[in-house]
Amino acid sequence: MQATKATIQKVTGINIATPKGFYASGLHCGVKHKKLDLGLLYSITPANAAGVYTTNQVQAAPLKVTQNSISQEGKLQAIIVNSGNANACTGKRGLNDARHMQIQTAEKLGIPPHYVGVASTGVIGEHLPMDKISTGIENLVLDSELKGSIDFAQSILTTDTVSKNTAYSLKINNKNITIAGTAKGSGMIHPNMATMLGFITTDAAVQQDDLHEALSFAVERTFNCITVDGDTSTNDMVLMLANGMGENEELNKDHPEWELFLDALVLVCEDLGKLIAKDGEGASKLIEVQVSGAASDKDARIIAKTVVGSPLVKTAVFGCDANWGRILAAAGYSGVSFNPDVVKIQIGEHEVVVDGEPVLFSEEKIRNYLKSHEIHISVELSEGFGSGRAWGCDLTYDYVQINASYRT
């Protein structure tokens, strides 16, 4: 990625509807008490689509509807999303409700039903208030300006404290291309997807099969490397739409600028993943774990995810305690083989373990470092050249309070 970063530009003030041909909207329809709870994303032309979904065996009705839609032509033109109710574990009625959302949105936009993806997030096991959602769908007004995207980003939130947006621009075949993303997620966040929804738009032309492969590649290195609490939800989904309005030569794995596109997509997903981890329920700190010297990149990611997901590591960070033993122990039960006698561990810039043994360090300096809002932990294994990162947050008293009263 280093060779191409200079040609990929982070863009501020840009949003999910910024790529050419995209529109967005959000409003309050009454699923939640006051906040926005219904959103619509739309492309003026059918877009090649790709999706990555939860690994939970229990999958919510909207996921089934969306997966079936994409399987028909590999395209989507719109996504309808509600928050406040997950429409999960709701049986045949839940599936019919998701289909109703799809059909009503398609009729409103004048497009085939299978061009509409459906997503829901919120409380599990309760039926949707379809009268409110139906009225909301009729009242949605699409907007290509910033307000439409802001409303969409806010309409998908549940326990999130902030909306999560990012965008990058690049040139493909000397054409200006934008990739933008919006996500939600705060609790029930665990590697291999989480209680998160992610939506990515681009005006690049991308071959559909390769778009799916690109999204899977990016998700594996970003969204699948975040954890808040160890729970994997029933509704996790990342959808990407590429409508081709940037008018570049269609991208595929053989295109000379494929790696550039892939790097930009990874940056979008990484930004969103880190924003989710940072906004974990009750969190006060973002934790990044970097593992290097592993036998493979996959091994490095497994160890990094295990360390950042350890409740004992998370609570030590919350308490500003330089308890490096918890880091090494978590790496040890990750399931990856390594020689603990050559391991090196750093908390920030402070070495705490060298060759598997403790070294003298200043408790006060590390305690002060652990008071920061972003904490970096590095683990060097000396087993090979594999590297990987994972992101999470500290575990605070507020997490228990939020989840003890989630339904009330």
Next on the checklist: When you scan segment 99-107, do you find a residue that is in contact with a Cys (Cβ under 7 Å, 6 or more places away or on another chain), open to solvent by 20 Å² or more (accessible area, probe 1.4 Å) and more than 21 Å from residue 165 (Cα to Cα), even just one?
Outcome noted: no
Item to check | Residue check, residue 47 within 30 Å of residue 388 (Cβ to Cβ), in contact (Cβ under 8 Å) with a residue 24 or more places away in the chain, in contact with a strand residue (DSSP E or B) (Cβ under 9 Å, 6 or more places away or on another chain) and buried (at least 18 other Cβ atoms within 10 Å of the Cβ) | outcome: no
Checklist entry - Within segment 267-286, is even one residue open to solvent by 10 Å² or more (accessible area, probe 1.4 Å) and β-branched (Val, Ile, Thr)? => result no
Next on the checklist: Out of the residues in segment 39-79 meeting the condition of being in a strand (DSSP E or B) and small (Gly, Ala, Ser), tell me which one is nearest to the chain's Cα centre (by Cα).
Outcome noted: 51
Checklist entry - Mind checking which residues of segment 307-318 are open to solvent by 10 Å² or more (accessible area, probe 1.4 Å) and without any contact (Cβ under 8 Å) to a residue 40 or more places away in the chain? => result 312
Checklist entry - From the list 183, 167, 106, which one is in contact with a Leu (Cβ under 7 Å, 6 or more places away or on another chain) and among the small types (Gly, Ala, Ser)? => result 183
Checklist outcome for this item: Exactly one of 147, 171, 184 is crowded, with 24+ Cβ neighbours inside 10 Å and within 25 Å of the chain's Cα centre (by Cα), and that residue is 184
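Residues are listed down the side, and each one gets a yes or a no for (1) within 12 Å of the chain's Cα centre (by Cα); (2) at pLDDT below 60; (3) not in a loop (DSSP other than H, G, I, E, B):
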| residue | (1), (2), (3) |
| --- | --- |
| 191 | yes, yes, no |
| 198 | yes, no, yes |
| 210 | no, no, yes |
| 220 | yes, no, yes |
| 224 | yes, no, yes |
Checklist entry - How many residues, within segment 328-386, are surrounded by fewer than 17 Cβ atoms within 10 Å (Cβ to Cβ) and touching a Cys at 6+ places or on another chain (Cβ under 9 Å)? => result 3
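The values are calculated or read from the model by the stated rules, or taken from the named source; none is laboratory data. Being a predicted model, the structure only gives us computed values, none of them experimental. Ideal geometry is used to build each Cβ from the backbone, glycine not excepted, and the neighbour counts take in all protein chains shown. Keep in mind that these areas ignore ligands, DNA and RNA; they rest on the heavy atoms of the full protein, side chains included. Shrake-Rupley method; radii C 1.70, N 1.55, O 1.52, S 1.80 Å.
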